[in-house]
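S.K.: Pasting a structure below so you can have a look.
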Amino acid sequence: MRMTGTGLAALAVAAMVPAASAASLSQETDINTALFEIAVANEIRKECDSISPRIFTAIGRMNALKAEARRRGYSDADIDAYVNDKAEKQKMRARRNEYIRAQGAVPDDGPSLCALGESEIAKQSRIGALLVAR
């Protein structure tokens, strides 16, 4: 197999750039902050009958996060491995629950999560932007 000069140069550059991995995705603070906001909004919408998700807003945010991760060199496989990793999911649940408690609400408690959701919506926070009161 004959390699052109351009192909060889691309291979050399690829070898110099460290490959992104699912493990290093956990170090992307801004991406993880956005995933955290989605996790909190998701818990609120699951437990509170008077609040619905803004589905298209959430999908748009998820697509933007995935595009940003790709731009930073993560493959679809890296991204999928990270978001499906059981240990990472547990860390995110713990972080989500800590935030909920710090706001005076209780995880899995509909009435307190409704109050938190209404507060987030009223503040027009990034979490509130993912929710709508019915």
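S.K.: Taking 1 over the mean of 1/r across every pair of different Cα atoms in segment 56-109, what Kirkwood radius in Å do you get?
M.R.: Numbers: mean 1/r = 0.0771 Å⁻¹.
It works out to 13.0 Å.
S.K.: In Å², and per residue, what accessible area does segment 17-134 have when probed at 1.4 Å with the other protein chains present?
M.R.: Working: 6810 Å² over 118 residues.
For segment 17-134, the per-residue accessible area is 58 Å².
S.K.: Can I ask one more? Counting only residues 5 or more places away or on other chains, whose amide H sits under 5 Å from the amide H of residue 132 once H atoms are built in the peptide plane?
M.R.: Amide H to amide H, under 5 Å and 5 or more residues apart or across chains, residue 132 pairs with 52, 54.
S.K.: Label point 7 Å out from residue 91 along Cα-to-Cβ: which residues of segment 27-67 have amide N under 12 Å?
M.R.: 27-29, 32-33
S.K.: Please report Rg (one decimal) and Dmax (integer) in Å for the Cα set of segment 22-134.
M.R.: My reading of the Cα-based Rg and Dmax gives 14.3, 42 Å.
S.K.: Can you spot the aspartates and glutamates whose alpha carbon is less than 20 Å from residue 66's alpha carbon? Ignore those fewer than 8 places along the same chain.
M.R.: Output for residue 66: 28, 30, 37, 76, 78, 80, 85, 88.
S.K.: Right, another one. Could you derive backbone 3J(HN,Hα) for segment 31-46 from the dihedral phi with the Karplus parameters 6.51, -1.76 and 1.60 (θ = phi - 60°), listing whole Hz in sequence and x where the residue is Gly or Pro?
M.R.: With the stated coefficients, segment 31-46 comes to 5, 5, 4, 5, 5, 4, 4, 5, 5, 5, 4, 5, 5, 4, 5, 5 Hz.
S.K.: Find the centroid of the Cα atoms in segment 56-77 and in segment 86-134, then give the distance between the two in whole Å.
M.R.: Each part's Cα centre sits 22 Å from the other's.
S.K.: Another question, if that's okay. Give me the percent of the accessible area of segment 70-134 that comes from carbon and sulfur atoms, probe 1.4 Å, all protein chains in place.
M.R.: Numbers: 2020 of 4070 Å².
Solvent-exposed carbon and sulfur of segment 70-134 make up 50 percent of the total.
S.K.: Using packing as a proxy for protection, rank 101-109, 31-39 so that the peptide with the highest average count of other Cβ atoms within 10 Å comes first.
M.R.: Details: 101-109: 13.4, 31-39: 18.0.
Packing proxy ranking, top to bottom: 31-39, 101-109.
The values are calculated or read from the model by the stated rules, or taken from the named source; none is laboratory data. Worth saying up front: this structure is predicted, and the values here are computed from it rather than measured. Using ideal geometry, Cβ is built from the backbone for each residue, glycine included, and neighbour counts are taken over all protein chains shown. Only protein heavy atoms, including side chains, enter the accessible area calculation; ligands, DNA and RNA are left aside. Shrake-Rupley method; radii C 1.70, N 1.55, O 1.52, S 1.80 Å.
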